[in-house]
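What follows is a single structure, written as structure tokens, with notes after it.
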Ligand code: RUB
């Protein structure tokens, strides 16, 4: 078998930016990956449809192998590549098909976030305090819509160690004029009595309604349950993981240990193990509602939407090379 074609440098650069978290968050990762496939298609010099497909599959594989947990990434690749089936025409036709699908995917992403934001906003009333974890564009969209329709909200924002994505959330909420209290992660339970909602995003949602999101979400949900605080997950439908329909488990990313502790400090402490799982799994019984662009669902019924959108087939065209 011949070597797979070398992806376009823009694809390599996008893959690097995703792997190193310059681009992060499930939706942004999907958007960047789709855009990179668009560049690969636009600038391809492939002489045959077969060569064009091979290039696109190789590019998709490079992007796919960057971060394992956010299902929005394979879902984006699947969506764009589904225009490349055998017998779909010459190189120019395939190029136009891919470009059209990339543009459509990216526009749908924005539209879905907007629609979801409008739906999620309906959960908030004047004077509510919302606790957030990590940074989720889908979650922020819910707050943004509420604020724009005149609802006064306040936020308790968890900083979210080890990467402090809470700072991004805090900045965006301040830009919306929302009063923000930034807290360390360990203070979350202490503040749970003072908040009316826990609002988080998702990297993947499994067929049984389990929510895979930034590490800490699962414990936070237990704390919220204990205090009777409703737990809302804002997640557009590209976060639904169709592979879990057949019982496959979601892979939890383990990141660089130096995100937790630098080598020097670690050495000073002595012989220790360090672990850095980036995500955890919140069981459906600890989630009140999953807010998508198609409406709100109790977690147990999200499987119906999943089957409607994906059927049972889950192609992985990047495996073809
Ligand atoms: C980000 C994270 C976010 C989801 C949803 O983790 O857990 O809650 O990705 O984000 P990381 P969005 O920073 O490791 O990528 O709603 O923007 O898709």
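Among rounded, prolate and oblate, which fits segment 90-150 when a ≥ b ≥ c are the square roots of the eigenvalues of its C-alpha gyration tensor, a/c under 1.5 means rounded, and a/b larger than b/c means prolate?
It is prolate, given that a/c is not under 1.5 and a/b is the larger ratio.
Taking the alpha carbon gyration tensor of the chain, what are the square roots of 5 times its eigenvalues, largest first, to the nearest whole Å?
Equivalent-ellipsoid dimensions as semi-axes: 35, 23, 18 Å.
Run the numbers on segment 56-209 and let me know its relative contact order in percent, using alpha-carbon pairs under 8 Å that are six or more apart.
22 percent
Taking the Cα centroid of segment 10-50 and of segment 71-114, what is the distance between the two, rounded to the nearest whole Å?
Measuring centre to centre over Cα atoms gives 12 Å.
With a ≥ b ≥ c taken as the square roots of the eigenvalues of the C-alpha gyration tensor of segment 1-91, please select rounded if a/c is under 1.5 and otherwise prolate if a/b is larger than b/c or oblate if it is not?
Since a/c reaches 1.5 and a/b is larger than b/c, the shape of segment 1-91 is classed as prolate.
Quote the relative contact order of the chain in percent (integer), defining contacts as alpha-carbon pairs under 8 Å separated by 6+ residues.
18 percent
Would you please classify the overall shape of segment 158-288 from the alpha carbon gyration tensor, given that a ≥ b ≥ c denote the square roots of the eigenvalues, rounded means a/c under 1.5, and beyond that prolate means a/b larger than b/c while oblate covers the rest?
oblate
Counting pairs of alpha carbon atoms under 8 Å apart in space and at least six apart in sequence, what relative contact order in percent does segment 1-112 give?
34 percent
Can you give the calculated 222 nm mean residue ellipticity of the chain, where each DSSP H run of n ≥ 4 adds -39,500 (n - 2.57) and the sum is split over every residue, rounded to the nearest 500 deg cm²/dmol?
When only DSSP H runs of four or more count, the value is -13500 deg cm²/dmol.
FYI, it's all coordinate maths here, none of it is from the lab. This is a predicted model, so every value here is computed, not measured.
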